[in-house]
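Participant: Before anything else, here's the structure in question.
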Amino acid sequence: MKLSRIGEFGLIDRLERLVSHPDEQLVVGIGDDAAAVRTTPDRLLLLTADVLVERVHFDRRIHSFQQIGWRAMVANISDIAAMGGMPKHALISICLPGSMRVEEVEEIYGGLNAAAQEYGCAIIGGDTVTSPRDLVVSVALTGEVSEERLVTRGGARVGDLICVTGQLGGAQAGLAMLRLLESTGTSPLPEEQWVQARDRHLWPRPRLREAQEVVRSGRIGAMIDVSDGLAGEVGHIARRSGVGAEIWEEKIPIGPQTLRVAEQLGISVLELALCGGEDFELVFTIPTDGVRDVTEIVFRKTGTKISTVGKILPAGEGLVQVSSKGKKKTLVAEGFRHF
Ligand code: ADP
Ligand code: MG
């Protein structure tokens, strides 16, 4: 059977059935942002891995080696944050084409290390091998969370509101601009907006402090980070929680530079926000009466705004996207397709 028949998530489901076996220590297995294992009576060890492949996740004409390292590390930190945890120890595996220079590999490590230091984790090992053609950077990261702060994709309850941190679609808009600049040599944005758009993609910032504040509230249902667009992430929460959901288009937070990019390129800003990857914002669900307190405290402690973008529905109502005029259609996740 071809991979394209079942896609990335269909494949992971099959692999999960192949490897699943009872494990007394396992608290969260395959299917969340990170796995969680009970190591001490009240602490859980979190484990996650993400791999970046040249020409799939980055392009050496667009991304510097430092940026490649930074992005590989923050993708993992974001997954630990989404479980309510703090990142701890990383293993870095690199597959290097023989044509690469030592200094270039050190630059990748400059980026990996900068992110590790910024978010309080340490690189403690890895593996180094040759690659016939493309550069591959793979990070496996552990984290730690106390049992009562653990939050999964599976905790959403009917009636909860769906909230997001920051703004969506920015990373994808930045990438679109970088590609345009690479191919035409010009960027149609004013300088300040250009820098904002570019940096959302090149130097993403995982929402670790925001996640900590959100879980400290003790009210939160489910949480996930945005690696493949809001629609897909809400779909993951719905599936794992056994619920439906609706997203209110007009409430989706979108930055002015993203609006400008969409306008300039003639692409739909909603599509950028719903299906654009690597924003590394957080999506979480919380009962209606908890929203105000969490919004206030996160803003006070971190300066990051929280927007309420939808509501959890009974499973039978499926996934719905509601326009500003109240028109409803099915919310379709069309994030990046690997196969
Ligand atoms: P994220 O976007 O948050 O990084 P993924 O979509 O990559 O999450 O992965 C979803 C889940 O599937 C995670 O629990 C991950 O550990 C698991 N997973 C992904 N690929 C594999 C694999 N090849 N074998 C086993 N588990 C996998
Ligand atoms: Mg994730």
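The values are calculated or read from the model by the stated rules, or taken from the named source; none is laboratory data. The structure displayed is predicted, hence computed values, not measured ones. Cβ coordinates were reconstructed from backbone atoms using ideal geometry, including for glycine residues, and neighbour counts include every protein chain displayed. Surface areas here come from the heavy atoms of the whole protein model, side chains and all, with no ligands, DNA or RNA. Shrake-Rupley method; radii C 1.70, N 1.55, O 1.52, S 1.80 Å.
Participant: Provide the per residue accessible area, probe 1.4 Å, for the chain, rounded to a whole number of square angstrom. Before the final figure, lay out the partial values.
Facilitator: Details: 16330 Å² over 339 residues.
It amounts to 48 Å² per residue over the chain.
Participant: Okay, helix-only estimate at 222 nm for the chain: each DSSP H run of n ≥ 4 adds -39500 (n - 2.57), divide by all residues, round to 500 deg cm²/dmol; what do you get? Don't jump to the answer; show the numbers that get you there.
Facilitator: Numbers: 10 runs with 129 residues, N = 339.
Value at 222 nm, helices only, nearest 500: -12000 deg cm²/dmol.
Participant: What is the sum of charges, Lys and Arg at +1 and Asp and Glu at -1, for the other residues whose Cβ falls under 9 Å from the Cβ of Ala81? Working shown, then result.
Facilitator: Values: positive: Arg207, Arg209; negative: Asp33, Asp79, Glu210, Asp225.
Net charge around Ala81: -2.
Participant: With N set to the number of residues, divide the alpha-carbon radius of gyration of region 221-309 by 2.2 N^0.38 Å and report two decimals. Spell out each step's value before the answer.
Facilitator: Details: Rg = 13.9 Å, N = 89, 2.2 N^0.38 = 12.1 Å.
For region 221-309, the normalised Cα radius of gyration comes out at 1.14.
Participant: For the chain, I need the span (max minus min coordinate) of the C-alpha atoms along each principal axis, in Å, sorted largest to smallest.
Facilitator: 56, 53, 49
Participant: At 18 Å minimum axial length over the Cα atoms and a Kyte-Doolittle cut of -0.5, report the qualifying DSSP H helices in the chain, or say none. Working shown, then result.
Facilitator: Values: long enough: 3-19 (22 Å, 0.33); 65-82 (26 Å, 0.50); 102-118 (24 Å, -0.26); 170-184 (21 Å, 0.58).
Correct list, ordered by number: 3-19, 65-82, 102-118, 170-184.
Participant: Let me ask you something else. When DSSP assigns beta bridges and you keep just the ones with both residues in the chain, what percent turn out antiparallel, to the nearest 5?
Facilitator: Values: 44 of 58 bridges.
In the chain, approximately 75 percent of DSSP beta bridges are antiparallel ones.
Participant: At 1.4 Å probe size, with the rest of the protein present, what percent of the exposed accessible area of region 21-171 is carbon and sulfur atoms? Mind showing how you got there, number by number?
Facilitator: Working: 3400 of 6590 Å².
The C+S portion of the solvent-accessible surface of region 21-171 is 52 percent.
Participant: How many lysine pairs in the chain, separated by 8 or more positions in sequence or lying on different chains, have Cα atoms less than 30 Å apart?
Facilitator: Lysine pairs, 8 or more places apart or on different chains, close enough: 18.
Participant: Let me ask something else. Which trypsin sites (Lys or Arg not before Pro) in region 42-115 pass both tests, a DSSP loop state and at most 14 other beta-carbon atoms within 10 Å?
Facilitator: On the way: sites: Arg43, Arg55, Arg60, Arg61, Arg71, Lys88, Arg101; in loops: Arg55, Arg60, Arg61, Arg101.
When the trypsin sites (Lys or Arg not before Pro) of region 42-115 are filtered for loop state and at most 14 Cβ neighbours within 10 Å, Arg55, Arg60, Arg61, Arg101 remain.
Participant: Suppose R0 equals 30 Å. What FRET efficiency, 1/(1 + (r/R0)^6) with r the Cβ-Cβ distance, do Ile12 and Glu148 give to the nearest 0.05? Numbers along the way, then the final one.
Facilitator: Numbers: r = 28 Å, r/R0 = 0.94.
Computed FRET efficiency for Ile12 and Glu148: 0.60.
Participant: In the full protein assembly as shown, how much of Phe336 is accessible to a 1.4 Å probe, in Å² to the nearest 10?
Facilitator: Result for Phe336: roughly 120 Å² accessible.
Participant: How high is the relative contact order of region 214-321, in percent, with contacts defined as C-alpha pairs under 8 Å that are six or more residues apart? Intermediate values should be presented prior to the final figure.
Facilitator: Working: 144 pairs, mean separation 50.8, N = 108.
Taking the mean separation of contacting Cα pairs over the length of region 214-321, I get 47 percent.
Participant: By per-residue mean of other Cβ atoms within 10 Å, what is the highest-first order of 249-256, 281-288, 189-196? Let's see the in-between values first.
Facilitator: Numbers: 249-256: 16.6, 281-288: 24.2, 189-196: 14.9.
Ranking the peptides 249-256, 281-288, 189-196 by packing returns 281-288, 249-256, 189-196.
Participant: Label points 7 Å out from Cα along the Cβ direction at Gln25 and Ser217: separation in nm?
Facilitator: Reported label-point gap for Gln25 and Ser217 is 3.4 nm.
Participant: Could you tell me the accessible area of Glu182 in Å² (1.4 Å probe, neighbours in place), rounded to the nearest ten?
Facilitator: Rounded to the nearest 10, that gives 80 Å².
Participant: Which distance in nm do the two modelled labels at Leu181 and Met1 give, with both placed 7 Å along the Cα-to-Cβ direction?
Facilitator: Each label point is offset 7 Å from its Cα along the Cβ direction, giving 4.3 nm.
Participant: Given a 1.4 angstrom probe, I'd like the percentage of the accessible area of region 205-327 that is carbon and sulfur, rounded to a whole number.
Facilitator: 48
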